[in-house]
Amino acid sequence: MKYSGRNSLSAYLKIFIVLIMAVAAVVIIGLPIFFKMYLEWLDIFTSNVIGYNYLLTVLYITGIASFILLNELRKIFNTLENCNPFVIKNVKSLKRISILCFLIGIVYTTKIFVLNSFMTLIIVFIFIVCGFFALILSDVFNQAVKYKDDNDLTI
Amino acid sequence: MAIIVNLDVMMAKRKIGLSQLAEKVGITNANLSILKNNKAKAVRFTTLEAICRELNCQPGDILEFRNDD
C-alpha cells in the first residue's frame, strides 16, 4: 500500500476530507434548523433561550473553525499526493491547524462552566492535545524543509 | 560566497557544453547549472570526481577560495 503519491492512502483520504467538508458546509449553513430538529427529536427543546443561543454560538464557532481546519488538512494531503510534503506552505498550514485546535478547545472549555458533560471534557482534552501536536509537527516540518533545501542544493 | 566555482572557465577550455558535460557526469542539466552559477551549497565528492575525470583537471582548477573582505 502506497502512502503518498497518486492512488495512495493520502489521495483517498483527501477525497474523504473533501466529502466531509461538503457535509460540513451543508450542516453549517442549515445549523439552526438541524439543531432545532435534533433537540425536538431528543424531546428536550425548551424555552431556555440563553442555553439555546449559547449552544448555537458554540456550534457555529467550532463548526467554522473545523471547516477551515479540514481545508488546511486538504492542502497538506494535496502536497502529499504530489510527493512534495516538505514545503514551507505545510509549516504554515500546521501552525494554523494548531491555532484552530486551541480555539475549539477554548470554546468548549467555556461549555464546561455553562453546560458540562463528560463528552465536553474529552473534546477539550483531545483538541488541546491535538493543538500541541500540530504545533510540534509544524516545527518538525520546518526543520525538514531546511534539510531538504540543503539537500536540493548539494550537487 | 568565499568559494567560487570556475566551472564555466574549465568548460570553455575543454570546449564542452553544459548538457554534454551533464550527461557525461551523470547529473541533470538543472543541477549542473546550479553548480556553474555558484548557487550550490555543497558538492559531493563523487560529483567532483566525475567532473574532474571528464574535464581532465584538478579540483583546484574548478574551485577557488576568495576572501570576502
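The values are calculated or read from the model by the stated rules, or taken from the named source; none is laboratory data. Treat the numbers as computed from the prediction; the structure is a model and nothing was measured. Because the Cβ atoms are built from the backbone with ideal geometry, glycine has one as well, and the counts that use them run over all protein chains shown. For accessibility, only protein heavy atoms count, side chains too; no ligands or nucleic acids. Shrake-Rupley method; radii C 1.70, N 1.55, O 1.52, S 1.80 Å.
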Fill in the blank from the handout: The helix A:49-81 Cα axis meets the longest alpha-carbon principal axis of chain A at an angle in degrees, between 0 and 90 and rounded to 10, of 20
Problem - Of all accessible heavy-atom area on chain B, the percent that carbon and sulfur account for (1.4 Å) - result: 50
Fill in the blank from the handout: Extension length gain for A:LEU115 and A:ASP139 (0.36 nm per residue less Cα distance), in nm, is 5.1 nm
Exercise for the section: Could you work out how far helix A:9-29 tilts from the main Cα principal axis of chain A, as a 0 to 90 degree angle to the nearest 10? Expected result: 30
Handout entry: Rounded to the nearest 20 debye, dipole of the protein assembly as shown from Cβ charges on Lys, Arg, Asp, Glu
Key = 380
Fill in the blank from the handout: Here the gain from full extension of B:ASN6 to B:LYS41, 0.36 nm per residue of separation minus their alpha-carbon distance, amounts to 11.1 nm
Practice task
Obtain the nm distance between the two label points defined at B:GLN58 and A:ILE33 by a simple spin-label model: each point lies 7 Å from its Cα along the Cα-to-C-beta direction.
Solution key: 8.3
Practice task
With a 1.4 Å probe on protein heavy atoms only, work out how much accessible surface A and B bury together, total over both chains, in Å² to the nearest 100.
Solution key: 700
Exercise for the section: Take A:PHE125, A:PHE35, A:PHE113, A:PHE86 and sort them by solvent-accessible surface of the protein heavy atoms, 1.4 Å probe, largest at the top. Expected result: A:PHE113, A:PHE125, A:PHE86, A:PHE35
Practice task
Please find, in a Gaussian network model of chain A (springs between Cα atoms separated by less than 10 Å), the residue of A:GLU81, A:GLU72, A:GLU40 whose mean-square fluctuation is greatest.
Solution key: A:GLU40
Completion exercise
In this structure, the FRET efficiency calculated for B:ASP68 and A:ASP149 from their beta-carbon separation, with R0 = 30 Å, to the nearest 0.05, is 0.85
Fill in the blank from the handout: Residues of the stretch A:132-155 that bury at least 30 Å² of accessible area, probe 1.4 Å, when all protein chains are present rather than the chain alone, are A:ASP150, A:LEU153, A:THR154, A:ILE155
Handout entry: For the stretch B:7-69 versus the stretch A:80-155, the gap between their alpha-carbon centres in whole angstrom
Key = 42
Practice task
Can you tell me how much longer the chain between A:LEU56 and A:ASN82 gets when fully stretched, taken as 0.36 nm per residue apart minus their C-alpha distance, in nm with one decimal?
Solution key: 5.5 nm
Completion exercise
Relative to chain A, whose Cα atoms define the longest principal axis, helix A:88-114 and its Cα axis are tilted in degrees, nearest 10, by 20
